[in-house]
1. For Phe348, enumerate residues with amide H under 5 Å from its amide H, sequence gap 5+ or separate chain, H modeled in the peptide plane.
2. Express the relative contact order of region 399-455 as a whole percentage, based on alpha carbon pairs under 8 Å and six or more residues apart in sequence.
3. Grab the beta carbon distance between Tyr561 and Leu373, set R0 = 30 Å, and tell me the FRET efficiency rounded to 0.05.
4. Check Glu28: other-chain or 5+ apart residues with amide H under 5 Å from its amide H, H built from backbone geometry?
5. Stretch Val475-Leu430 to full length: gain in nm at 0.36 nm per residue minus the Cα-Cα span?
6. For the residue pair Asn98 and Tyr576, what label-to-label distance in nm results when each label sits 7 Å from Cα along the Cα-to-beta-carbon direction?
7. Which order do Trp238, Trp295 take by accessible area at a 1.4 Å probe, largest first?
8. Can you tell me the length gained on complete extension of the stretch Val359 to Asp162, counting 0.36 nm per residue apart and subtracting the Cα distance?
Amino acid sequence: MKTLSFKIILCLCLLMLPFSLVSAEEAEYEVEVKTGLSVNDVDDEASRAAEYKRKVDMDTSTYLGGSLKFFRDDFRLGFEGLYETGDEQQYRGFLDWNRVVRFKSDYYRFYHRLDHDTLENLEAHSMEELKTVTKDSITKWVSLPAGAGLATVYHTDFNANDRYGITRSQWKNNLKVNLPHLPGITFELAHRYEERKGLDQARTMSKCAACHVVARSKEIREYTNDWNPKVQATLGKWTLEYSFLYRVFRNSSETPLNIYNEAMRPVAGDGTIVKPGEGDDRFDAELQYDATDGWLPFARTPENRKYLHSLKAKYDFNPERHFFVGYVNSKIKNLSTDEGLNTLWGNFGEELEIDYDAVHARFFTKIRKDMTLTLKAKYVNMDADDVFLDVVEMVSTKTGTTYREAIGCTCDVTRYSAYDSDEFIFEGDLAWRLSRALKLYFSYGLEIIDRNNAADHELGHPPVNDKTTEHKFKVAANWRPMKNLKFKGHYKLEIIDDPYTHKNAYCPTTLPGFDNDINDDGWADIWNPYNWYSEWVYAARQFDASVQPETAHEIVAKADYTFSPQLALQGNIRYYFGDNDDLKVYEY
């Protein structure tokens, strides 16, 4: 891909042009005007070469910008802006009256070009015929690859010619008031309004025998509105602050709809059920939706509302020692979880909430002239609503019974939130300046995460790890042996007890009872292609996985040499090694 850009900036500089009405030595007005020309051409994919450029393909656009500032005694007023296209513009303004009233406003608008996924990589082999293969007294139904037939993975892009992109605009305002008769007290009001409009690509998939991945265009019309009042008071050695945030996210986009494939019943090639007495009856009773349900929604973006209270306090013992404490309470409510027909629409009968509470503290002191100590602590509690999933009770066309009636239990389930947890954090940092050229740092960190619903999410290598404890040790140094040469480096050790683990996350590379090699039918033993695939695919997922090591080492070194203000040479090296002996699958 290539991009070609020519820009001609013609500045009609009236900058610092004085129109003095009061004093001949100080200008009351400052005016600047500038204009320019841009010519752009993009070859190949515009979303890669001109991701944030609205006009491409040799389109010509002009720039028009400028600023106006007014100063007089205790009053200051200013404005500046730049306009290129309707989707590329920005403005800024400010007002200051004797520092009693201070106001500033910022607005910008830009276009973000998005990729269009052609989905062409989603084409697996096709199956032409089914036949039985017997090996070691085990009979399997397998398929032979062919150039045509029933595809196992295929795709459809229903809007292949659409171009995707989002126009994002944001307007931020901030007002501060310092009343002369209330010294040390500041009132502040911040406001933010954001819009996102455009077209994006949404994807969904039909499954059961064949995986049909489809893409449809999704209209984006989203609005976020923030109001954030704040008051701050300085009372002697105390500094106190309270702020409140009220945020509303609204979505006026049309939800995309899709007709899913008609589900293909799991039967053998000759029309019989793979496992006699099972298959068709259980499958029909478990089926939640397919083509017979008509158009169904997908890729919905829920609306939400957020309330946040923040309280901060700082006490300065002296210039070399202070203590800080803060508290945050937040509540986020999903406004779209009580809408629609059933759980397929995301209707859970109530507006779901997440509650967040946090207390954090920091203490800083200068132990002696060349040594400082910083201590930090934090406690976080999160509590989210649980959700009852009322699974659709289908009736089998074969037996006239539901899944509950057929096997004697229900598929309904209560989803306990994975957000529910308590987190404890402690950090200690010691800085020691041995000389003007050398400074050492020593730090220790402790983090404990206690998960309330780990067992319900099958987390952890037995026993269930509902609590993860992480220790971090770090030693660092900054050394400047000469004026133009600097060195930085550190060593960090992480020790994690019971890392966050996903139970039965993937299949092992071998499976007991099989030779774990490619058979004459073209399949590896571990992937037994029974039509009743749950026994051989889902049940074969026996290995746990984790993104965290039990022990990790990191060494980082950096060097910086400055030849002149215009020339510098930098180099760095990083070594990291982490492993998880318990899972035996984590090492890098």
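The values are calculated or read from the model by the stated rules, or taken from the named source; none is laboratory data. Note that this is a predicted model, so its numbers are computed, not measured. So basically every Cβ, Gly included, is an ideal-geometry build from the backbone, and we count neighbours across all protein chains shown. When the accessible area is computed, the model is the full protein with side chains, heavy atoms only, and any ligands, DNA or RNA have been set aside. Shrake-Rupley method; radii C 1.70, N 1.55, O 1.52, S 1.80 Å.
1. Distant-sequence amide H within range of Phe348: Asp338, Glu339.
2. Relative contact order comes out at 35 percent.
3. 0.40
4. Hits under the 5 Å cutoff: Phe19, Ser20, Leu21.
5. Value of the extension gain: 15.2 nm.
6. Inter-label distance under the simple model: 5.6 nm.
7. Trp295, Trp238
8. 66.1 nm
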